[in-house]
Amino acid sequence: MKKTNKTKNQKTTPKVSTAPAKKARRHSFTPQARQEILATATKEGLTAKQVQKKYGISMVTFYLWRKKAGLSGQRGDVAKGVGKPKTTAIPADLQKRVRAEVQSAMDQLVREEVENYLRTTLSALAKR
């Protein structure tokens, strides 16, 4: 049996490779290819993550291309209208009436809350 100089509690350290890590290969897209990718992403409503998986470009690269092309905005489900509330025009006179009702209710609510706070605070001080 071979004798080692290590005691029972000493751990061995694993050997670490000093070779440089492999980098992903850079790929240059022609301006036409960029336009096609952006057009497809817009048409299909793809998110940056989906574009990354489909074409192998980083999300940051996709956003930069989109910005340079003047196509900034939301993509994915939001662009398709999923989850967007439908808005309708509300007549101006109805808006004014609703605003007046809300303001009146808020004034009364604030007044009641202030009165309750003062009553509670003053009664607590009086008990001291």
Are any of the residues in segment 38-52 free of Cβ contacts under 8 Å to residues at least 24 places away in the same chain and either of a type in the set (G, A, S) or outside any helix (DSSP H, G or I) (or both)? yes
Taking G45 and the conditions (1) on the phi > 0 side of the Ramachandran plot; (2) at pLDDT 90 or above; (3) small (G, A, S), which numbered condition does it fall short on, given that it satisfies the others? (2)
Given the conditions (1) of a type in the set (G, A, S); (2) at pLDDT below 90; (3) surrounded by 10 or more Cβ atoms within 10 Å (Cβ to Cβ), and given that G70 satisfies all but one, which numbered condition is not satisfied? (3)
Against the definition (surrounded by 10 or more Cβ atoms within 10 Å (Cβ to Cβ) and either modelled with pLDDT of 90 or more or hydroxyl-bearing (S, T, Y) (or both)), how does T30 come out, yes or no? no
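The values are calculated or read from the model by the stated rules, or taken from the named source; none is laboratory data. A quick note: this is a predicted structure, and the numbers were derived from the prediction, not measured. In this analysis, Cβ positions are derived from the backbone assuming ideal geometry, glycine residues included, and neighbour counts consider all displayed protein chains.
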